[in-house]
Structures are given as C-alpha cells and as structure tokens.
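*Asks:* Structure below; questions to follow.
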Amino acid sequence: MIRERLGLTGAKEACGHGACGACTVLIDGVPEVACIKPASHLEGRDVRTIEALSGAQPAGPVDLSLLHPVQRAFLAEDALQCGYCTPGFVVEAIAYYRSWRAAHQDGEAPPLPDVERALSGHLCRCGAYEAIRVAVQGACAGAFEGPLAAAPPRVDGPEKVCGRAKYTVDIDVPAMAEAAFVRTPVAAATLTGIDARAARAIPGVLGVLRLVDDGAMLRHAAQAVAIVVAETRDIAKKAARAVEVAVTRGPVACDMRSARAPGAPRIYVRRGKLPVSSEMPVIPAGWHGNERGPLRSDIGEHGGQARKATASPAMSGVWTTSAQCHTALEPHACIARWEGGTLTVWASTQMVRGLAEELADRLDLPLAHVRVLAEHVGGAFGAKAAWDPHVGFIADAARQLAVPVRYVPDRHEELMLGGYRPPQEIAVSVAMAGNAMSGISMETRGDSGVAVGANVGAIMRLRYPNVPKYLADYDVVTHAPAARPFRGPGGPPGYFALEGAVDQVAGNLGLSPVDLRRGHDPAPGFQRLYDWAGRLPVWHQLSEINRGSGRYRVGVGLGTASWYHFVAAGAEVELIADASGFHVRTACQDMGNGTRTALAQAVGDALGVDPSTVLVEIGDSGFVPGPMSAGSRTTVSVRPAVFDAAGPLKSALVQFGSQALKLVGATAGVGGIAHAGGFVPWAQVLAVGPNTTAVGKRKVDPAGYAIPLAIGGTAIGRHCSAAIQISRVRVDTWLGRVTVQDVWAGFSVGTVHSPVIARSQAVGGIIQSLGYALHEERRLDPSTGALLSYNLEDYHLPGIAETPSVEVWFDDTPIEGLATGGIGLSEVTTCGGAASIANAVYRATGWRPMDLPIRPDRLLAGLATLAKPPPAPAEAPPDVPWGTS
Amino acid sequence: MIAFPTTPTAAVRLAGTIRAGATDVEERRRSGRLNGDVVDLRDLAIGAPELVSLSVSSGLSLGALVRVSALDTPALAPWNGLREAAQTLATPQIRPVATVGGALLQQNRCGYLRHPDLRAACYKAGGGGCAARTGDHLRHALFDTGACISVHPSTLACALIAYGASYGVQDREGTRIAGALEGLYGDGSDALKDHLLPAGTLLTGVHIFEPPRPAAGFEPSAYARATGRVWAEWPLVEAVVRRTTVGVVFSVGGVAPVPLRLRTAERAFDSGATVADAVAEECASRLILDDTRYKVQLLVGLLQHLLERTASAP
Ligand SMILES: Cc1cc2nc3c(=O)[nH]c(=O)nc-3n(C[C@H](O)[C@H](O)[C@H](O)COP(=O)(O)OP(=O)(O)OC[C@H]3O[C@@H](n4cnc5c(N)ncnc54)[C@H](O)[C@@H]3O)c2cc1C
Ligand code: SF4
Ligand code: FES
Ligand code: FES
C-alpha cells in the first residue's frame, strides 16, 4: 500500500507474511512490518519510510552529510551487498539507535547480543550480518555523527542505504497491468481442463491465457498452466485462484528414494531436451529408469587405480544433503512492454545480455529490437542466470493484450520455482597407503527435479590432485521443479562428503587432519593457506576430538575447497570520456557482487582517477556485450577489458590534448598527461575535448586458457582458487543446537582488487554455507509434490544471531599469467563451509553428521548413538580443557 | 465488508472474522485462505479502555487488545515466564502489533492447513483427512491426541496456562469470566478447532487471580524454546517452568494440538523423579507419534534447562 499508492518504493516486500523485515517502516516511531498491515490501521498515524529518514536529499547524487548516522555507518562498514534488505535494516537500526543513545554516552557501544536481538526480525540472503552488527554498534557509539573519513567502498551503496536504488519490483511503467499464474496443485498430473469463466468475469481482469494444452503432462507441482492479467496484483491473484484446473493424478516420486524404488513412476517417458541445472555443458549419458549416468569426471588411469585401491577402503560412508533454495530477497520479477515491434523487459536477472539474446531467439526478433534492463538486482546466487519460462509468458501476454505486464512472484513461488541446489547422496570411500591417501572413490546421485546436470565430480577432480580418484555422477530425475546452478554448483555437497571422509580417515587413524591434507596439496596457494592457518591459535585444536560429557561441547573443524577460474571470453566494456568525466558502460549487472565497484575501480586504476568520480552504467543489454554474472567471472572479465580500452582512450586523449593545449613531449601519465612543461590532469583535457570513446575486450590470459575453446562464451582459465575454512562450534547436547562461534577463512585467489567488497562477498558465502549446513531445507509433500516450506518462517535462512565472528584472510599473491593476477572469489567462499562445520561437530562430540542440515533431531539422534563414548586415547586426559563449559 | 465497531457490545452484534492486530488475519486474507466480512477491533480502545489495559494488583489483568510488546515490562517480574515468552515470540516488528487476544486465538501454522492447494486434505481447513499424518509431520505434535496432529501455535497460551490464568469474554449475553484458559483449548481431541471460543464471542482479556507463590519475594519461573536458530523461529518445543511452594509446573507448547500442562510429569518430579524419568512417565500415559519422538529428548533438555534457570530465586 505504501509502495503502490504513495510511490515510496524504499520499503521492500520480500516475504509478504511478516518474517523477513524488508518492509519495515516506523509507525509512531516504532518499527513495524508493513506487508500485513491493513491500510485502515494506518489512518491518523505517523508513518515514516526509509525515504523520510534519509534527510532532505536533493535530486542527483546522494548527499552523505544529510544521511542518518546509521546510514553512514552502513556505508562505511559495507553492511550491504544487493541492498534489498537494507532499507528494512536501516529503519530498524535507526529506532534502535535512538533508544540506545537516549540512555548512553558517546563511545558506549551496545553489546552484540543486544544488537542481534533488536535486528532479529530481519533476514539478509546475501549474509551481510557481520558488517551490519559492526555498523550498528559504531553508530550507537556515536562514531558516525560526522562526515565519513573516506568514500564508501561500494559505489552504489549510497542509493541503497536511502532506499533510492531501483530494483525491477520498483519500476513503474505507465498503464502497467499485473500478472498472476494459475498452477497445477499437484505433481505427476495430466491436464484435463481449465475453466476460466469465473475468473474472466471478475472486474479488472484483462485476460486469461492458457499456457498448456489438455493432455499435457505436468511433472511437478506449481507448474504454470495459465496466466491471468488484471489491473492490479490483488485482482490477478484472486482471479488466478478462481480458475479451475482439472487434472488426473498419477503416482508421485518427488525425491530420489521414491524415484529409484522398484516400480517407480517414470518421470519422462520420452525425453526431449531436458532442463539443465548446471553451469557446465551436460554430457550425454545412458538412462536406467529415472536415473542417468554415470558421468565420469576422473582423469585417465586414475579412475581404475582409485577403484582398485578403494576396494579395501580405510573408511567409506554415504553423505546426503537437502535442497537449498536460492531465495534471493528480490524475487524473479519482470515487466514486459511492447512499442511497435520492439520489446523492453525489466527483469531481475544476472544476465541482461543473455536474456535479451534468449528473448530475441525465442520471439524471433532482431536483437536490436529487444532491450533488457536491470539497474539493481536484489540477489541472485545463480538462480537468475538461466532462461525463466515466465519471462517468455509475460512478454507474450503483453503482446497479446497490448499492455505492459508485470509479474512479481510471491515467496511461495520463489521458494518452489526460483531455484535450488540439488539434494545429493554421495558415497565416498578412501583408501590409505601408510599415512597418505592412495585412492578416493566418489559416486554421487543428484536430484535436479525434472532437470539434469547435478554434477559434483567435475569439481572434485580439482581437489587432492595427486590422489587417484574415481568420480561418477548420476542424475536422478524426480517430480520436483528444475534445480538451478547455486553459487559453487556441486561444490558444497561434494566437499561436505569428501572433506568429511578425509577428516574421518584422519580421526580413525589418529592422524592430524591438517598434515594428511597438506601432503596432498602441492599447490603453492594451498601451502600458503596452511602456513597462515598454522599461525592461528586454534590450529592445534583441529586434531583433537572432544571426549567431554557436559551439556556444551566445543570443537574445531577444517574444510577445504578449490574452484575453477572462469572467464567470459571476449566480454566488452566501453569507456567514454566527455566533459562530465569518465563513464564506463557494459551490458553487465550488479546483484550485490560489486560489479559497479569493480568497474569504477578498474577505471580508476587504469586511468589514475578517483573511482568515486567514475560513472558506471550497467544493467542495459543495449550496451556493449558484457559478461553474465555467474561462476565468479564478472570482475576477472571486465577488469582486463577496461584496461584494454584504457590504452587507446589514453592515446586519443593525449593526442587531442597535446594539440588543443599545445603540450610538448606529451605522454599518458597517472591521472592525466605528463609533458615537458609539467602535468595536465584528465579533467582539464576533457573540459576542452570532444567526446572520446574506446571499446575494450577481455582477451585471453597471458598464460592461455586450460581449454583453448570457450564454450558458450565461458573459458576455463589456468589455475584454481584455494580456500580453507576453520570453524569453531559449540554443540548444545540438551537442545540439539549447533552454534558456529568463530570462523577463520583463508582464500588464495591471487590479487584482490577491492578488498572490502571481496571480504563482504566472502562472509556472505560463509553465511550461506552455514545455512546449508545447519538450517536450510526445502520440504516437499511426498504424496503431491507440493512445497511445504513455502515461506520464510518454514524455510530457515540463517539470521543475524547465527552469524559467527569471522576472520577473512586473502593470500593476495598475484598469480602469474592471469590478466588480473587473480581468480574469481564468489563460489569458492561457500564451498568448504558445510564441511568445516560438520567436521567441527565431529570434533566437538565424536559423532559425525552425515546428513545436512544438521537439525536438532538429527543431532540428538546422533549423540544417542554415542551412548558409550569411544575410549579416549591413552595419554590424553578425558576432558580436553577447552572442550566443555 | 469491514466494520469498525466502537464498543464491544456493537462488535458482538456483527458477523464476520474478528481482526485485532491483523498479523494473522491479514496474511490469511491476502493469500486467499480467508474471505468474507471483517469485524476490526481498531476503534474499541476508545469505548472499552479495559481492553487495552494491563493492570497489576494482587494478580495480573491483560486486556485482549494489549500488544504483546507491552508485556515486556518490569511490572511483569512476578510472572517472569510470561514476560520472557512475550519477549521471545515472533519478531520485534510483529510484537508491537500483535495483541494478546490474537496471540491466544491465532490459527496454527501447519503447512498443509496454510497451503492454498492442500486444504482438501486437512480437517482444520474443512477438508476430510489429515494430510500431515500420512505426509510430512517432522515439526508436528509429539502427543497424538486426536485426528489433527498440528501443534498449538500460541506461546502466550503456554505461558499463561502455567500461571493458572482465566479468560473473560463478551457475547450477546453480556460479559463474564468464562473459566480457566486451559479450558479454552480443550484436550486436543477436536480436530476442527484451534480453540473452543464460539463464533461471535469476543475475548475481553485474561486474568491471573492467583498471586505468585511464595507471597514474599518472587516465585522463580522462566520460559524457553528449542529451535534450530536463536531468534524468530517457531519452536520445536517451548515451555514455562514455575517453581511454586506447592510444587513444580511444567507448561509446554509444541507437543500437542493444544497448550498443555504435563501434570503426570509434574507429580513425578515433585516426588523425586529425575526430569527424564518424569517425562518418560508422562509419555507412557500418552500416544506418541513416531516421527516426532525426538521431541521427548528435547522436552527433557528444555525442562532441565529451565529447572536450572529457576533453581534459585532472582
Ligand atoms: C514471523 C512470525 C513468527 C511468529 N512466531 C510466533 C511465536 O513464536 N509464537 C506465537 O505464539 N506466535 C507467533 N507468531 C504469531 C503471532 O503471535 C500472531 O500472528 C499474533 O499474535 C496474532 O495477533 P493479532 O492481534 O495480530 O491477531 P489477528 O491476526 O488480528 O487475529 C488472530 C485470530 O484471533 C482472533 N481474535 C483476535 N482477537 C480476538 C478477540 N479479542 N476476540 C476474539 N477473537 C479474536 C481473530 O479472529 C483471528 O482468528 C508469529 C508470527 C509471525 C509473522
Ligand atoms: S495436522 Fe491438523 S492442520 Fe495439519 S493437515 Fe492435519 S488436520 Fe490439518
Ligand atoms: S515483506 Fe514484510 S516482513 Fe517480509
Ligand atoms: S544485502 Fe541483504 S539481502 Fe542482499
């Protein structure tokens, strides 16, 4: 109501049922959720939104001095990524700041648990909590009353903290209509009829369009069968509910166990082109019932050697994981508008360019007639990097009904259809020869629903390169919606199993889990990480297993990971110099990963100018083709392209400047032209110059690529990233709760160009892995395939109080032969966390979690199997001193 | 139609769903699960100030329209378990909106009941069966007390029952104290209802007449819940433990379709049994659901935790 009628779009709607806090506003000075507030309850009350709390902001750039100290604190601490949750957090934090400062002096910061409690009603999918805590403490202590000492590290931070950043859900296209989908209530159904008469009769309904024919097989629940377009979203939803869908139901197999059972219903009788849940190309493999595979990822002779060795394993076990929903706080919203034969689509996407190409292709339009816009994107994590059928339906509906149409999925749709990390079942065996591993065998089964591509082996082959590995992946198709690549696809489940097995072998044989790994990690990056970790005070505790018997048990666990170096080969950027300064443009997007900041910084570094003066224009497919933002490729792709463009741009400016300003011996210097008589900054050159532009390209790394060919624009570079995460957990054996107290995470990704942004991204990846390890679990009803965890009360994202204290260390040694000296960071930060936490639980209790998430019931059941604690090693005392409290 | 009566008498003459803070009602309306007229209590505060008053004299009186956040006051120190319950439930942005009445009479959160497509298989949604029983009920009841196996959602009910609260109502007949709050919920055998308040009846408030025991100083009591995360999560099990001069009180939520006093366990504990044995004795007298058996252990852990916290008076 505040958003639609008053046009104040700062407050966001993310869940619509009171659980996430994104819609928080001050009502008579008290923060309350707006999404479930009847309009009549606002009559006569003082309502303040984020806009009203940001000072009397002028049009144009945000005036930081007018902001509330809490907002300046958020900027300085980089307490945001995509920024979608930020207005809600800021409003709440301002109320808290007021009450704290009314009772305390400058310099007094509130204790962390207090801050956490105050902000406990807010969720941040990007995982910015750690910086949020610090920002709120600092603001309350009075540290941000005055101007900021330095420019905010994130260039689009200012518009985000004052609710001005426009996301797709905030776009108001004149005369826009709203769409809602009619969906099948159950999986494994055959459509027998759609009756839309009642819906059509509802005033305000503009049209009901059928999307599938009678007789169509509806494999998963919530599959769209029709679309309703109406004047308002409420009418559209009401009308969608009024459409009657008739189906005949078949037996449902919405998980791997039922899809693999004898006599299981066949998900596909005829298999055409199946949806794909992977970022990697899907390699053909054979089918047995609902199972496809094996897809082998082992190298040469290694597979055979590993199988032979693991025939008599030192340990083997089966690890399982649950579906983790991406559930970015901004849903997959989109708007389609036709003007003549040209189509404009606003979409919450991580590939403006790719989406424009898909649309052009599917609608048979010239690319120049399709424009995709995404100024700000409220989180994505891989879920917005693929074709979304609903975008096509909306474009179609807009054309048929000749009105612009918007569709904003609700949280239920988002959690069901917006993408998830496939559940996995992973059997691992490890063979030992003396104190070294002689073979690893991993057989994985992944459930991407109606899709295929749940690869794990292709990632696992990166780890422990000198150990022969047998890596076989199977896909099991089920009556669930299609999975999508989720940050580090295949990594988190694979490492959970692999690193769990390695830790178990070490535990069984009484070896140090560190020494065992170290011997198999010749890469210098890993060696530097182990050296760093070796200096941490907790290092020696990694080998201990707590034999305590008190209520609380503490343990420290290690998880390691590696990830590919992906590059968007040929990605372009355009640099523009005109009287107003430097601009950089590319058809790329920022989902909170910091693309804008990376571009501004690259331009700053390449031209020697202050990055905060660079105007970054992205989020428009009409610009030169930039990279999609997936696979950690954005920064490593655009930065070299900026440098590539900077060369010719500088020459053009030098040439022009030396003529216009009559300079002798002019050459490009840092920040301007150096000449015999001194130095002229670029600003002076631009003031007199014509507009100059140059386009740069992401060229191949000096060291070349690992595979000479780029597939679908993606090249795999040489070198891999390395990560280790050490977690300290406290296990409450009475209430079954695992608390991650501290995390130490080291990353070797070469040169890190924006350390503050990189740190935020790393912490976010760590928080997401914490959610994966302990809390997040999609649950489907076994008999209908319908979603049961359809809101943010029942789908458990980690909150601010789950956030450990985190120490992040970047090795920061440039990697020779790479264009930026570095490798992308995003994915590897989330890969080793679950392993590290699960290993810590083992070290804390002696019980090894084999199933994620480590729910209270699982933990209690696991602890019960330890009824008799295994005998302690002879010389160690029965209670390690740090272990119990 | 939405009506805004200004007196309770006018309110009970109107037909429609009563709406107080709206945090539950509005979500159900927006998702299309609740239709029809609404009787909004927004303007009652003017005509019936007792509905918004919290008063502490020998006992405690809470008007039905008192906001949950108002219970977070030092005045509630004698009923510390109630205060802690109010500090914990939902989120900081819900508590200043949610009312005592709404918190006691809210609909349960079973995923089948609240799913727009699964209502045909749910008794409480008017359907013919309990899909949760044959489907996924990991977070449902431990005690199988009737055809519905949902857990009662009300944290405040769990807390108020621990203190022997009574409730007051107004209907067309007038106003009265209707009896013990426990009686508002019944024994969990009625699969169709989350509470037994007849339609067209207004809950006016709750009262704890019984002063805390011992009369001098505070009687120790505390509230806690077992959850995966620290805050803002529906409890797997929640409880208030009270140590009175005449014995211990175990009031629990998350284990049955109604908030429950574990009287068998209380008696066993008072006569010297360990918590684990006391809970085992309680369970022996009940039908237990297999998938939620883990809650037995949680119950033991939670009661133990609260007994530790209440071991010495503050
Ligand atoms: C994220 C989230 C987490 C939550 N966690 C918890 C939790 O841990 N524990 C918990 O107990 N609750 C929890 N809740 C639920 C919350 O407590 C309830 O939504 C709230 O208390 C309802 O109060 P209300 O005034 O908004 O009620 P309304 O939505 O206005 O009404 C709720 C029901 O009570 C009836 N009603 C209200 N007042 C009266 C009256 N005076 N007389 C007769 N009928 C009346 C209405 O008809 C309706 O059926 C949570 C809610 C959210 C959104
Ligand atoms: S547990 Fe109760 S509310 Fe849930 S489906 Fe069964 S009858 Fe309905
Ligand atoms: S949108 Fe209102 S709380 Fe989530
Ligand atoms: S920054 Fe919080 S959700 Fe993205």
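Read-outs: derived from the displayed coordinates by stated rules, not from any lab. This structure is a prediction, so every number in the text was calculated from the model and none was measured. Note: ideal-geometry Cβ built from the backbone for every residue, glycine included; neighbour counts use all protein chains shown.
*Asks:* Kindly identify chain A as rounded, prolate or oblate by the Cα gyration tensor criterion: order the square roots of the eigenvalues as a ≥ b ≥ c, call it rounded if a/c is under 1.5, otherwise compare a/b with b/c, prolate if a/b is larger, else oblate.
*Replies:* Rounded, since a/c falls under 1.5.
*Asks:* Taking Cα pairs under 8 Å and at least six residues apart, what relative contact order does chain B come out at, in percent?
*Replies:* Once normalised by length, the contact order is 18 percent.
*Asks:* If Lys and Arg each add +1 and Asp and Glu each add -1, what is the summed charge of the other residues whose beta carbon sits under 13 Å from the beta carbon of B:Thr6?
*Replies:* Net charge in that neighbourhood comes out at 0.
*Asks:* Sort A:Val208, A:Val33 by Cβ crowding within 10 Å, fewest neighbours at the top.
*Replies:* Placing the least packed residue first, the sequence is A:Val208, A:Val33.
*Asks:* Still on this model: Let me make sure I get this right: for chain B, a, b and c are the square roots of the gyration tensor eigenvalues over alpha carbons, sorted descending. Under 1.5 in a/c it's rounded, otherwise prolate if a/b > b/c, else oblate. Which is it?
*Replies:* oblate
*Asks:* May I pose another question? Which lysines have a Cα lying under 25 Å from the Cα of A:Lys662, excluding residues fewer than 8 positions away in the same chain?
*Replies:* Partners found: A:Lys650.
*Asks:* Whole-Hz ³J(HN,Hα) for each residue in region A:852-867, computed from phi via Karplus 6.51 cos²θ - 1.76 cosθ + 1.60 with θ = phi - 60°, x for glycine and proline: what do you get?
*Replies:* Each residue's phi maps through the Karplus curve to give 9, x, 7, 6, x, 5, 5, 4, 5, 5, x, 5, 5, 6, 8, 2 Hz.
*Asks:* Rank the residues A:Thr845, A:Thr692 as a footprinting-exposure proxy: fewest other Cβ atoms within 10 Å of their Cβ go first.
*Replies:* A:Thr692, A:Thr845
*Asks:* Could you work out the relative contact order of region A:398-549, using alpha carbon pairs under 8 angstrom and six or more residues apart, expressed as a whole percent?
*Replies:* The normalised contact order for region A:398-549 reaches 21 percent.
*Asks:* Also, I was wondering about something else. Using 0.36 nm times the number of residues separating A:Thr192 and A:Lys308, minus their current alpha carbon distance, what extension gain do you get?
*Replies:* 36.4 nm
*Asks:* Within region A:224-245, which residues have the backbone N less than 20 Å from the label spot 7 Å out from A:Arg362 along Cα→beta-carbon, could you tell me?
*Replies:* What the label zone holds, given the 20 Å backbone N cut-off, is A:224-230.
*Asks:* Give me, ordered by chain and number, the residues 5 or more places off A:Phe582 or on other chains with an amide H under 5 Å from its own placed amide H.
*Replies:* The list, which skips near neighbours in sequence, is A:Leu615.
*Asks:* Further question on the same structure: Please name which of A:Cys162, A:Val584, A:Ile766 has its Cα lying farthest along the dipole of chain A towards the positive end, using unit charges on Cβ (Lys, Arg +1; Asp, Glu -1) and the Cα centre as origin.
*Replies:* Farthest towards the positive end: A:Ile766.
*Asks:* With the cut-off at 18 Å, tell me which of the pairs A:Lys384/A:Lys697; A:Lys166/A:Lys697; A:Lys308/A:Lys469; A:Lys12/A:Lys37; B:Lys124/B:Lys193; B:Lys193/B:Lys295 have Cα atoms farther apart than that.
*Replies:* A:Lys384/A:Lys697; A:Lys166/A:Lys697; B:Lys193/B:Lys295
*Asks:* Filter the trypsin sites (Lys or Arg not before Pro) in region A:675-769 down to the DSSP loop ones having no more than 15 other Cβ atoms within 10 Å, then list what survives.
*Replies:* Here the trypsin sites (Lys or Arg not before Pro) that fit, given the DSSP loop and packing criteria, are A:Lys699.
*Asks:* At a Förster radius of 22 Å, what calculated FRET efficiency corresponds to the Cβ-Cβ distance of A:Arg249 and B:Thr134, to the nearest 0.05?
*Replies:* That gives a FRET efficiency of 0.90.
*Asks:* How well do other chains shield peptide B:88-100, expressed as the mean number of their Cβ atoms within 10 Å of each residue Cβ?
*Replies:* Mean shielding by partner chains, rounded to a whole number: 6.
*Asks:* Using amide H atoms built in the peptide plane, which far-off residues or other-chain residues are under 5 Å from B:Ala147 H to H?
*Replies:* Under 5 Å from the amide H of B:Ala147 lie the amide H atoms of B:Ala191, each far enough along the sequence or on another chain.
*Asks:* Using the charge dipole of the protein assembly as shown (Lys, Arg: +1 at Cβ; Asp, Glu: -1 at Cβ; taken about the Cα centre), state which of B:Gly59, A:Gly121, A:Val556 has its Cα farthest towards the positive end.
*Replies:* Farthest along the dipole direction, towards plus: A:Val556.
*Asks:* Here's another thing I want to ask about it. Along the Cα-to-C-beta direction of A:Asp213, a point sits 7 Å from the Cα; which residues of region A:261-289 have their amide N less than 20 Å from that point?
*Replies:* Residues A:268-274 fall inside that zone.
*Asks:* Mean-square fluctuation check for chain B, GNM, Cα pairs under 10 Å: which of B:Phe143, B:Phe218, B:Phe250 is largest?
*Replies:* The residue that fluctuates most here is B:Phe218.
*Asks:* Taking R0 as 51 Å, what FRET efficiency do you get between B:Glu308 and A:Arg98 from their Cβ-Cβ distance, rounded to the nearest 0.05?
*Replies:* 0.90
*Asks:* Given a cut-off of under 8 Å on Cα pairs at least six residues apart, what relative contact order in percent is computed for chain A?
*Replies:* It rounds to 14 percent for chain A.
*Asks:* Additional query: Between B:Asp37 and B:Lys193, what is the spin-label point distance in nm, taking each point 7 Å from the Cα along the Cα→C-beta axis?
*Replies:* According to this spin-label approximation, the distance is 2.2 nm.
*Asks:* For A:His540 paired with B:Arg286, estimate the spin-label separation in nm (one decimal), with each label point 7 Å from Cα along the Cα-to-Cβ line.
*Replies:* Here the answer is 4.8 nm between the modelled labels.
*Asks:* Rounded to the nearest 500, what is the protein assembly as shown's calculated 222 nm mean residue ellipticity when only DSSP H runs of at least 4 contribute -39500 (n - 2.57) each, over all residues?
*Replies:* The per-residue figure over the protein assembly as shown is -8000 deg cm²/dmol.
*Asks:* Further, regarding this structure: Is the shape of region A:24-164 best called rounded, prolate or oblate, per the rule: a/c under 1.5 gives rounded, else a/b larger than b/c gives prolate, else oblate, with a ≥ b ≥ c the square roots of the Cα gyration tensor eigenvalues?
*Replies:* rounded
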